[in-house]
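Q: Let me begin by handing over the structure; questions about it come next.
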Amino acid sequence: MITYQEKIVQHITRQFDGMSKIEVYDILQKIETLLFEHESPLEFKAIEKTLEKQSIKNILPLGSSAYCYLVDHSPYLDLYKIKSLIPDFLGGEKLYFTIPGQYEFIHYDNRNIEETFSNMHLGSIVSHFLKHNHAKKRNPKTKRLLLLELFDKIDPG
C-alpha cells in the first residue's frame, strides 16, 4: 500500500513523462524557488498569482494591435508566439524566434532556421536535423518542439 505522499509524487512525476532529467531538474528548481516565496500552508491561488506576474514579464507589445510572448526557450533560441487583435483566418501557429544577441523576430520555419544557423558552430547539426525533421515537429509525449530539445542537449559552454 502506498502512502499519501507517494501518491502525490506519482501524480506529479507522471507530468514529467518523456522529459529529459535536466528539464525536470530545472522545473523542480523553479518550483522550489516559487515555494520559498510563499507562507505555509500553501494556497494555490497565491501561487497562481505569482506565476501570472512572472509570465507578464514575458509579454512584449508590438504596436497597438499585437503582442508577443515567450513560449519556450533554449540556450540557442527563444521562441515567441504573436497574437494580434485582428483574427487570423489562415490558422496555424504564428511562431517567431530570436537568437542570443539578436532581437529581430524571425518567422519560425525550416528555411529561416537553417539560414540563421548556417554560419554558426551549430550549422551542420541544425542542417542535419532539418533534413530529417520539420522545424515544427513536436515530441509526442511532452509536446515540446524537437529542435528545442536538441538544443538543450548541446552544451553552450
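Q: Among the residues of the range 107-129, write down those that are open to solvent by 70 Å² or more (accessible area, probe 1.4 Å) and touching a Leu at 6+ places or on another chain (Cβ under 7 Å).
A: The answer is 114, and nothing else.
Q: Could you check, for the range 130-146, whether at least one of its residues is in contact with a Ser or Thr (Cβ under 6 Å, 6 or more places away or on another chain), open to solvent by less than 30 Å² (accessible area, probe 1.4 Å) and closer than 19 Å to residue 81 by Cβ? Reasoning before the result, please.
A: Going through the range 130-146, the residues in contact with a Ser or Thr (Cβ under 6 Å, 6 or more places away or on another chain) turn out to be none.
Among the residues of the range 130-146, not one is in contact with a Ser or Thr (Cβ under 6 Å, 6 or more places away or on another chain), open to solvent by less than 30 Å² (accessible area, probe 1.4 Å) and closer than 19 Å to residue 81 by Cβ, which makes the answer no.
Q: What is the number of the single condition among (1) farther than 27 Å from residue 140 by Cα; (2) exposed (fewer than 14 other Cβ atoms within 10 Å of the Cβ); (3) modelled with pLDDT of 85 or more that residue 47 does not meet?
A: With (1) farther than 27 Å from residue 140 by Cα; (2) exposed (fewer than 14 other Cβ atoms within 10 Å of the Cβ); (3) modelled with pLDDT of 85 or more applied to residue 47, the lone miss is (2).
Q: Ok, one more. Which condition number does residue 96 fail, the rest of (1) in a helix (DSSP H, G or I); (2) among the hydroxyl-bearing types (Ser, Thr, Tyr); (3) closer than 20 Å to residue 143 by Cβ being met?
A: Among (1) in a helix (DSSP H, G or I); (2) among the hydroxyl-bearing types (Ser, Thr, Tyr); (3) closer than 20 Å to residue 143 by Cβ, the lone unmet condition for residue 96 is (1).
Q: Please work out if residue 114 is free of Cβ contacts under 8 Å to residues at least 12 places away in the same chain and acidic (Asp, Glu).
A: Numbers: free of Cβ contacts under 8 Å to residues at least 12 places away in the same chain: no; acidic (Asp, Glu): yes.
Considered against the rule, which asks whether it is free of Cβ contacts under 8 Å to residues at least 12 places away in the same chain and acidic (Asp, Glu), residue 114 comes out as no.
Q: Same structure again: Pick out, from the range 1-90, the helices (runs of 4 or more DSSP H) lying fully within it that include 1 or more residues that are under 30 Å from residue 105 (Cβ atoms). Steps first, answer last, please.
A: Values: elements: 4-14, 21-36, 44-56.
Per the criteria, 21-36, 44-56.
The values are calculated or read from the model by the stated rules, or taken from the named source; none is laboratory data. All values reported here derive from a predicted model rather than from experimental measurement. Using ideal geometry, Cβ is built from the backbone for each residue, glycine included, and neighbour counts are taken over all protein chains shown. The area values use the complete protein model at the heavy-atom level, side chains included, leaving out ligands, DNA and RNA. Shrake-Rupley method; radii C 1.70, N 1.55, O 1.52, S 1.80 Å.
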